[in-house]
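What follows is one structure encoded as structure tokens, with my remarks underneath.
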Amino acid sequence: MPEKASSTHISNKSKIARRLIEVLEYFDDNHQQATVMDIARRYDRPQSSTSELLVSMVELGLLRKDHASRTYHPTPRAAMIGTFGQPPFVRDGRIVRLIDVLSEQTGYSVALTSMVGLDSQIVQWRHGPTGLACTRELSGGIKDPIHHSAAGWMMLSTFEPRRVEAMLRRLNAEAPDTGKFQVAELMNRITECRDTRYVIGPVGFNTDTRGFSVLVPRQPNGRPMAISLVYGKDDFVSTPALFEMVSKAMRTCLPDPEPPIFLDILSCAA
């Protein structure tokens, strides 16, 4: 019989997977290329092991190396991995276009979040022209307990009330004494989210900011995503105007799907 993998071996594999994801998430509009030291400094990793990882990612076709400048660049393969099996607006980039449009029109930072267990996780982060300094370090992959953010409340509103209450009671039981909350009060807030279709509240992720959050439309059951516009808690924001602007951007970037048109090849050939 094959021997069971040791816990140390499994732990090392987990670390490698985490570091690979870190490298891919390093690249964004402000970091379209990277050196070994860029990655090592960003994540406080040893230079030698970082270099080995990047070489392996080149061999896998996830990165391309420019030997003249000694910089690494993500490849189309890296961009395509994981897109299959996702909704069309994820595969074709329309959700990214929506994030760009919202940031351009408002100047705010924009966060796309999903639900991972009982956490909210940033899927995509766009730091806007007027983005706050306290959010500059936010990036994809960061997680926070789902009840800490308005986006989390919106995502919880997609579940049946009985299940939401069970999740909140578990979160409250596991929270430290300083993080306890009133389950009934938060349940009422989540119920309001179902009626208003948006919510204004804390952004979470250890930032003292507020956000305007709405659900991404047409998500599969149990897999909600939310988009949040992030601004200072003392900023004056016209909620009706913001809701109208976000709704219009969603109708433009994420229109209702049209019925497919099938071409009768045999008829055309005749």
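Exposure proxy ranking for I227, I81, based on other Cβ atoms within 10 angstrom of each Cβ and starting from the fewest, stands as I81, I227.
In plain terms, the residue of Y231, Y26, Y43 with the fewest other Cβ atoms within 10 Å comes first and the most crowded comes last, giving Y43, Y26, Y231. Computed 3J(HN,Hα) for region 212-226, one whole-Hz value per residue from the Karplus formula 6.51 cos²θ - 1.76 cosθ + 1.60 where θ = phi - 60°, is 9, 10, 9, 7, 6, x, 6, 8, x, 4, x, 10, x, 9, 10, glycine and proline marked x.
Cβ crowding within 10 Å, taken as a proxy for footprinting-reagent exposure, orders F212, F236, F181 from fewest neighbours to most as F236, F181, F212. Simple rule: put +1 on each Lys or Arg Cβ and -1 on each Asp or Glu Cβ in region 88-253, find the dipole, and look at I200, L156, L138; the Cα lying farthest toward the positive end is L156.
For F84 and A133, what is the calculated FRET efficiency with R₀ set at 45 Å and r taken between the beta-carbons, to the nearest 0.05? The pair F84/A133 has a calculated efficiency of 0.75.
Computed 3J(HN,Hα) for region 36-46, one whole-Hz value per residue from the Karplus formula 6.51 cos²θ - 1.76 cosθ + 1.60 where θ = phi - 60°, is 4, 5, 4, 5, 4, 5, 4, 10, 6, 10, x, glycine and proline marked x.
Taking the Cα centre of the chain as origin and assigning +1 to Lys and Arg Cβ atoms and -1 to Asp and Glu Cβ atoms, the resulting dipole is close to 500 debye. Between S51 and S238, the contour length at 0.36 nm per residue exceeds the Cα-Cα span by 62.4 nm.
With both labels modelled 7 Å from their Cα along Cα-to-Cβ, the D195 to V96 distance reads 4.0 nm.
Along region 110-116 the Karplus relation, 6.51 cos²θ - 1.76 cosθ + 1.60 evaluated at θ = phi - 60°, assigns HN-Hα couplings of 10, 10, 9, 10, 10, 10, 10 Hz to successive residues, with x for each Gly and Pro. Averaging the sequence gap over all C-alpha pairs within less than 8 Å and six or more residues apart, then dividing by the number of residues, gives the chain a relative contact order of 15 percent. How would you classify region 7-80 from its alpha-carbon gyration tensor, with a ≥ b ≥ c the square roots of the eigenvalues: rounded for a/c under 1.5, else prolate if a/b is greater than b/c, otherwise oblate? Because a/c hits 1.5 or more and a/b exceeds b/c, region 7-80 counts as prolate.
Measuring between alpha carbons in the structure, the pairs from K13/K233; K15/K248; K13/K143 lying more than 31 angstrom apart are K13/K233; K15/K248.
The numbers here are math on the coordinates, done by the rules we state, and not lab data. Source: prediction; values computed, not measured. In this analysis, Cβ positions are derived from the backbone assuming ideal geometry, glycine residues included, and neighbour counts consider all displayed protein chains.
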